[in-house]
Amino acid sequence: MNLKVILADDHPIVLFGVRMALVQDPGIEICGEAADSTELIELLDRLNPDVLISDFYMPGGAHGDGLTLVTFVKRRYPQVKLIILTMMTNPSILESIIRAGTEGILLKSAVQDDVLDAIRQVASGHKYVAEAVKKLLEEFRLEHLNSRGDASHKELSKKESEVLRLFVSGHTVSEIATLLNRSVKTISHQKISAQQKLGIANDKQLYEYAVRSGLM
């Protein structure tokens, strides 16, 4: 019996590349394609696929994107094996995707090389983390292995710490606003305020601080 696969990405060129890789395997049937979360959920409700290969950031749909969509899909369709495609190379976000319960994760830069192996692995009940993702995570962990913790996050307010923890876990400012029932403006202000207190200039430094301090 063929494996039924749904593809979801808002970039047609990515869908084309994945499609070209999958047609090499006669045991795989692409049963649907979606460009946003609205189309994706309609397909999942109707087609009951074995595997979903989805972009991580895919804005514009009624069900959100990022970790919000991943969590929704895993809760509503636990039987579907979820493989995430992403251009993100930030180790904190990659780890958040893995922790969210996905069965596989691939970088778009190597998707044509990895996607067939990923489908076979997750369909067999295994997890699949692409070698490029493993390398990024290993380098990041080694870089910070001997870093000392920083207790300065105690100077932050409870709300500021909460916002930073969610942000470094992969949530967008808009998603955090929804989760915490605050306005986007308030969340943005709390994030900026926290960074100013910590002397952090950009998101890269924020992720590095989160690892050192145990914030994540």
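The values are calculated or read from the model by the stated rules, or taken from the named source; none is laboratory data. Source: prediction; values computed, not measured. Cβ coordinates were reconstructed from backbone atoms using ideal geometry, including for glycine residues, and neighbour counts include every protein chain displayed.
Some points to look at:
- Test for residue 119: is it at pLDDT 90 or above and more than 17 Å from the chain's Cα centre (by Cα): yes
- Criterion: at pLDDT 75 or above and either surrounded by 18 or more Cβ atoms within 10 Å (Cβ to Cβ) or out of contact with any strand residue (DSSP E or B) (no Cβ under 8 Å at 6 or more places or on another chain) (or both) - qualifying residue of 143, 155, 138: 138
- Some residue of the range 180-199 being assigned to a loop (DSSP other than H, G, I, E, B), touching a residue at least 24 places away in the same chain (Cβ under 8 Å), β-branched (Val, Ile, Thr) and within 26 Å of residue 98 (Cα to Cα): no
- Within the range 61-102, restricting attention to residues that are farther than 23 Å from residue 38 by Cβ and surrounded by 15 or more Cβ atoms within 10 Å (Cβ to Cβ), the residue that is modelled with the highest pLDDT is 98.
- Residue in the range 165-205 that is modelled with the lowest pLDDT, counting only those that are closer than 30 Å to residue 62 by Cα and in contact with a Phe, Trp or Tyr (Cβ under 7 Å, 6 or more places away or on another chain): 168
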